[in-house]
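Quick notes on the structure that follows.
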Amino acid sequence: MRTDLRLAWLFIRGSNRQEWWRIALVVAGATCATGLASAAAVLASVRGQHSFSFAAGLLNQPGERSGAIVALLLLLVPVLGFLGQCARIGAVHRDRRMAVLRLAGAEPGRVRRIAALETGLACLLGSALATAGAVAVLTAVWERPTALAWAGIALVGVGVPLLGTAAGVLALHRVVASPLGWVRRTRTRSGRGPLLLFTGGLLLVDVAALGGVTGTSMNSRGAGSNAPLVVCAAVLAVGAGAVWLTGALSWLTGRLLAARTGSPAVLIAAERLRDDPWAAARIHAAVLLVTVIGTGFAGIRQALLTELENADDTHGFAADDSFYTTGLDLTAAAIAFGLVMVLVALAVGTAESVATRRRGLAAQVAAGVPRQVLARALLLETALPLAPAVLVAGLGGLVIGTVYSVLASGTVPYLSLLVPAGIYAACLLATALSLPLLHRSVRPAELRYT
Amino acid sequence: MSTRHILLGLLAKGPSHGYELKQRHDEHFPQARPLAYGQVYTTLQRLVRDGLAEVEGTDSDGGPERTLYRLTEKGSREVTAWAGQVTPPAPFVANEIFTKVVVTILTGGDPAAHLLAQRAAHMERMRELTALKTAPGADLTTVLSADYALNHLDADLRWMTTTQARLASLTALTMEVDRA
Amino acid sequence: MSNRPAPLVAARDLVKSYGRTPALRGACLEVGEGEIVAVTGASGSGKSTLLHCLAGIVRPDGGTVTYDGKRVDLLPEDRLSELRRTDFGVMFQFGQLIPELTAVDNVALPLMLAGTARGTAQERAEEWLERFGVREQKDLRPGELSGGQEQRVALARALVTGPRVVFADEPTGALDSLAGEQVMTALVGAARASGAAVLLITHDATVAAYADREVRLRDGAVVGAEVPA
């Protein structure tokens with residue numbers, strides 16, 4: 001084990017620029033994950049009524065606290081998606097390195113362990129950073145934190161690197177089967193590994209949310225606090241459906257367009273989609289979740305604000321509107337954070353796909369395929385499957401928002417449909433960020449033999 | 001490889017006379033040096049003397065009289081044993097090019113220019129052979145013989161390329177040996 | 001050497017460096033209409049760079065490249081792309097096929113880029129695949145083809161637009177000798193039939209022997225005199 005750790009450390013130290021990118025992004029992702037999970041753990045450790053000098057008293061009541069916990073844990077979803085995306089950076093290079101290790105006589109399990117430890121070390125750094133931050137914040141806003149809160153933070157701080165390592169082992173399960181693996185061209189990776197990771201993460205978040213909610217809601221108002229749970233379940237259901245949907249739609253658009261199109265750019269994009277529809281689903285899963293949540297939230301927000309304006313303080317609303325507006329603003333900020341995470345993951349994913357294929361792309365350009373055609377194909381690859389998927393996810397979110405606002409005020413929040421449109425545009429922008437990389441990658445120097 | 005064994009091999013298909021044997025030889029081995037009639041007849045006589053072949057009879061079909069030869073039991077064993085033997089990989093190949101390079105150095109000539117000219121000649125021959133084997137309707141034996149020759153010429157060329165790169169050392173060595 | 005056809009492609013005193021590594025130092029080369037020229041040399045002698053300059057894939061630091069009397073090294077990038085699509089056919093050791101496209105679509109791609117309708121492009125692509133004996137593999141992707149089949153599909157793609165010059169950089173480099181022979185026979189046969197010139201980069205003399213003449217490079221310049229045909 002010590003040798004494995006040492007080897008992992010050597011690999012990290014000898015990393016090339018691309019690897020450093022991956023490590024830096026993993027550290028960033030682990031920092032976010034640890035931060036979110038610590039906050040959730042601390043909130044979950046609080047029992048009953050408690051006064052915080054923070055967030056307009058939003059966290060004082062168990063009911064609101066459970067909502068906050070669910071929100072924090074939901075935010076873990078895009079972060080996990082982001083981490084999964086990071087695992088793909090330099091995958092070809094790493095596969096080769098692992099194959100060389102195998103040829104040198106390392107057992108498959110050992111190679112996997114070394115690779116997972118690399119990820120684990122990066123996660124450790126991230127979680128250490130976030131834990132330090134969490135401790136600082138905790139002592140600042142809470143005079144005497146309970147032992148349970150400390151335990152929660154410690155558990156998360158240790159758990160994130162361990163989970164990262166375990167996820168690494170799981171994701172690499174199929175990669176290192178053969179010492180000569182790298183000789184074969186990288187055929188479609190089924191993507192089951194990352195998908196498994198993602199689903200596993202979702203389940204974990206779900207269970208944790210349940211636990212946290214039931215914990216904080218104890219001894220409180222009772223029946224009414226089931227609402228966050230229902231919303232959470234609905235969001236997850238729509239999200240999971242959307243994941244499946246992108247995959248299926250990618251495959252279907254790919255198939256339909258590849259057979260009929262006369263445009264080279266569409267043909268290339270369509271064939272790539274048909275070749276590996278789940279690659280798109282993986283990246284877009286988080287986009288759709290954010291779309292569902294974002295659209296739903298926009299609807300709810302609109303309804304709530306209307307209601308607040310018309311409220312006559314007789315329906316049991318809090319006297320101060322800022323209680324609600326702070327809550328809404330914080331939620332909006334959380335969703336925006338999730339969206340940024342997703343967009344970064346999308347940009348990283350596209351850049352990675354360009355970097356991996358750069359030699360082939362250079363050969364295409366050398367053979368006379370105009371760069372613009374390749375650039376258009378790259379954009380279409382994201383745009384084509386995402387359009388129907390975002391539409392469906394947006395409608396799902398609209399339904400959530402509508403259900404809420406029809407119950408509350410009887411209006412349908414059509415304005416919230418602007419959210420999926422905005423997210424779609426943002427996704428295209430994020431994809432377009434990799435175009436300069438494409439232009440740099442297709443230099444003829446890439447054609448020179450190694 | 002000897003003419004004896006080739007003739008024994010050709011006789012294995014059945015009795016035959018000298019003229020026919022020569023023709024079949026040239027068909028089977030189109031890129032080899034063609035057999036001379038005289039060589040065929042003297043070799044056949046030696047085979048008979050050694051008991052490896054015997055005279056079956058004569059026929060004339062209206063033309064000149066021709067002697068039919070056939071394989072004996074002993075001859076059959078001999079040719080099978082020969083064909084089954086692994087050919088010893090040549091420990092030293094007669095290398096005329098190398099000799100000429102050394103002599104060029106000794107006589108104060110330009111070995112690099114010599115190698116370049118030799119390369120041109122080799123390439124020319126390789127082009128001919130390639131044209132021969134890729135010509136429409138080229139038969140398999142032609143292709144196989146051309147392949148064999150091409151690979152040997154290619155080996156020569158590769159040797160010349162490395163020798164070219166080592167000319168400075170070779171020149172120094174040659175001069176030193178000469179002085180000693 | 002005197003009766004060589006008028007040069008279709010010509011390079012004069014080409015100089016090109018990658019960073020501080022000089023790749024070409026004053027290389028000159030002429031390829032006549034319908035002529036097949038092999039450029040040989042050790043690795044690092046500048047063979048590929050010479051081909052890249054001639055095909056307009058990279059611009060030389062010094063010297064001139066002309067095609068059909070016009071200066072290639074002065075053309076803007078999109079004109080170069082167009083030239084490579086219409087007048088030139090380009091073939092590499094590997095990587096020139098799009099891994100996600102089927103063999104027939106890969107071959108049809110240059111025609112589609114030139115504006116030919118998909119159906120027509122595919123029909124013509126299939127004719128070329130047929131000619132090189134890989135029509136049965138038309139619906140397979142490059143990863144599902146053998147090395148020799150892949151290179152014959154690549155050859156079909158290079159020739160489908162009816163180019164006047166084919167640039168082939170180690171087209172048999174990754175193949176065994178028999179598969180290499182099939183590819184070379186197909187390349188030379190098709191070029192002779194259509195009158196296309198071929199610039200063939202190879203380190204293998206048995207491959208160079210398919211050409212009309214050999215030009216040898218060392219340290220970025222042509223060695224000695226060109227060998228007459």
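Think of the range B:3-84 as a dipole: +1 on every Lys or Arg Cβ, -1 on every Asp or Glu Cβ, centred on the Cα centre; then among B:Gly14, B:Ala81, B:Val48, B:Ala81 lies furthest on the positive end.
Membrane-span-like helices in chain B, defined purely by DSSP H runs whose alpha carbon atoms cover 24 Å or more axially and whose average Kyte-Doolittle hydropathy reaches -0.5, are B:111-134, B:140-165. Spin-label pair B:Ala117-A:Asp4: with each label point 7 Å from Cα along the Cα-Cβ axis, the two points sit 6.9 nm from one another.
Cα centroids of the range A:293-309 and the range A:149-168: how far apart, whole angstrom? About 35 Å separates the Cα centre of the range A:293-309 from the one of the range A:149-168. Charge tally for A:Leu256 (other residues, Cβ to Cβ under 13 Å; Lys, Arg +1; Asp, Glu -1): +2.
In this simple spin-label model, placing a label point 7 Å from the Cα along the Cα-to-Cβ direction at both A:Ser15 and A:Trp244 gives a separation of 3.7 nm.
For chain C, the longest principal axis of the C-alpha atoms and the axis of helix C:147-159 are separated by about 80°. Taking the longest Cα principal axis of chain C as reference, the axis of helix C:118-131 is set at about 70 degrees. Neighbour counting of Cβ atoms within 10 Å sorts the residues B:His152, A:His284, fewest neighbours leading, into B:His152, A:His284. A simple spin-label model places the labels of B:Ala12 and A:Val141 9.4 nm from each other, with each point 7 Å out along Cα-to-Cβ. Spatial offset of the range C:127-197 relative to the range C:25-48 amounts to 21 Å, using the alpha carbon center of each.
Between the helical axis of C:77-86 and the longest alpha-carbon principal axis of chain C there is an angle of about 60 degrees.
Taking chain B as a Gaussian network, Cα atoms linked when under 10 Å apart, which of B:Arg33, B:Arg24, B:Arg119 shows the biggest mean-square fluctuation? It is B:Arg33.
Put simply, the amide H of C:Val39, placed in the peptide plane, has neighbours under 5 Å in C:Leu200, C:Ile201, C:Thr202, C:Val215, leaving out anything fewer than 5 places away on its chain. Note on B:Asp178 and C:Asp219: with the Förster distance fixed at 45 Å, the Cβ-Cβ geometry gives a FRET efficiency of about 0.90. Among C:His52, B:His122, the order by Cβ neighbours within 10 angstrom, fewest to most, reads B:His122, C:His52. Each of C:Val15, A:Val79, A:Val46 has some number of other Cβ atoms within 10 Å of its Cβ, and from fewest to most they run C:Val15, A:Val46, A:Val79.
Across the range C:7-222, C-alpha contacts under 8 Å between residues 6 or more apart give a mean separation that, scaled by the residue count, equals a relative contact order of 32 percent. In straight-distance terms, cross-link reach from C:Lys16 covers every one of the lysines whose alpha-carbon lies under 16 Å from its own, apart from those fewer than eight places away in the same chain; here that gives C:Lys47.
Between amide H atoms placed 1.01 Å from N, distances below 5 Å from B:Ala53 occur with B:Val48, B:Thr72, all of them 5 or more places distant or on a separate chain. Residues whose amide H falls under 5 Å from that of C:Ala221, counting only those 5 or more places apart or on a different chain, are C:Arg25, with hydrogens built in the peptide plane. Have a look at the DSSP beta bridges in chain C and tell me what percent are antiparallel, nearest 5. Percentage antiparallel, nearest 5: 50.
No lab work stands behind these numbers, since they all come straight from the coordinates. All figures in this text were calculated on a predicted structure; none of them were measured in a lab. When we count neighbours, we look across all protein chains shown, and the Cβ atoms used for this are built from the backbone with ideal geometry, even at glycine.
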